[in-house]
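Report on one structure; see the data block that follows.
Every number in this text was worked out from the coordinates using simple rules, so none of it is lab data. Treat the numbers as computed from the prediction; the structure is a model and nothing was measured. Every residue, glycine as well, gets a Cβ built from its backbone with ideal geometry; the counts of neighbours run over all protein chains shown.
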Amino acid sequence: MASYLEKLEIEAFRKGITPRTKQSLDWFRKRVQNIKNVNRRELLKDDALIQRQKTVVGKMFLYKYDAKTKATLPYFDQYPLIFMVDRAPKGFYGINLHYLPPNVRAVFFDKITDVANNNKFDETTKLRISYDILKGVTKYKEFAPCFKRYLTSQMKSKPILVPASEWEVVLFLPFDSFSGASRNKVWSDSRKIIKGR
């Protein structure tokens with residue numbers, strides 16, 4: 001039986017959508033707008049995704065998270081979708097794409113996949129990104145509201161590797177779950193941060 005992600009890919013294929021193109025990004029963004037909720041627990045078990053023991057720089061991951069400083073945070077995402085950027089003491093830094101509204105997310109995704117180590121979009125593919133690159137290049141200004149530090153001890157599930165072949169499928173799924181604010185409030189704040197850069 002096809003997994004949830006495979007069903008979306010099959011649907012795109014039947015519509016004649018070429019993977020990893022602007023047309024494909026637009027199609028997935030519009031298609032997923034009709035999906036109101038995703039069963040997060042089920043998606044974390046999707047056959048197209050791979051459970052891992054640890055994160056790897058440049059790869060995309062999903063996991064459940066409980067912020068240690070949630071009492072002082074205005075909001076945080078309980079189900080981050082990140083590209084890991086670097087290791088940090090007791091955790092790591094990542095770009096959580098959920099902090100960007102879908103149209104901005106599509107633009108930013110298109111920019112950062114330009115720095116992938118190859119264009120195969122297979123198990124060897126990863127982004128060649130660092131904080132210095134993101135901060136130093138004006139075209140990556142969208143990273144500002146979504147660059148976050150995560151503590152390994154606060155991860156409430158194992159990291160789930162999203163293979164590069166699934167990046168654009170998972171990118172727009174309404175998997176986020178913000179504690180402390182609505183996604184519209186988060187996205188509004190993110191737009192202001194980006195505009196101020």
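How would you order 94-102, 20-28 from highest to lowest mean count of nearby Cβ atoms within 10 Å?
Packing order, densest peptide first, comes out as 94-102, 20-28.
Could you tell me which of the pairs 68/185; 68/156; 158/185 are separated by over 20 angstrom between their Cα atoms in the structure shown?
Where the Cα-Cα span goes over 20 Å, the pairs concerned are 68/185; 158/185.
Structure shown: which of 30/126; 30/120; 54/135; 126/148; 54/139 lie over 28 Å apart, alpha-carbon to alpha-carbon?
Over 28 Å Cα-Cα: 54/139.
Note down, for the range 54-149, the three equivalent ellipsoid semi-axes (square root of 5 times each alpha carbon gyration tensor eigenvalue), biggest first, whole angstrom.
22, 16, 13
Which whole-number percent gives the relative contact order of the range 23-115, counting Cα pairs below 8 Å spaced six or more residues apart?
With pairs under 8 Å counted, the relative contact order is 22 percent.
Which entry in (1) 17.1, 55; (2) 15.8, 48; (3) 20.3, 64 matches Rg and Dmax of the Cα atoms in Å derived from the coordinates of this structure?
The calculated read-out lines up with (2).
Would you give the gap between the C-alpha center of the range 115-148 and the C-alpha center of the range 149-197, rounded to a whole Å?
Using only Cα atoms, the two centres lie 15 Å from each other.
Suppose every K and R has +1 on its Cβ and every D and E has -1 on its Cβ; what is the size of the dipole of the range 4-195 about the Cα centre, in Debye to the nearest 20?
540 debye
Which of the peptides 114-125, 77-88, 151-162 is most tightly packed, and how do the rest follow, judged by the mean count of other Cβ atoms within 10 Å per residue?
77-88, 151-162, 114-125
If you take every residue apart from residue 129 with its C-beta less than 15 Å away from the C-beta of residue 129, what net charge results, scoring Lys and Arg +1 and Asp and Glu -1?
It works out to a net charge of +4.
Test of understanding: ordering 170, 56 by Cβ neighbours within 10 Å, fewest first, what list do you get?
Lowest count first: 56, 170.
Of the options 57, 8, 24, report the single residue whose Cα projects farthest towards the positive end of the charge dipole of the chain (beta-carbon charges: Lys, Arg +1; Asp, Glu -1).
57
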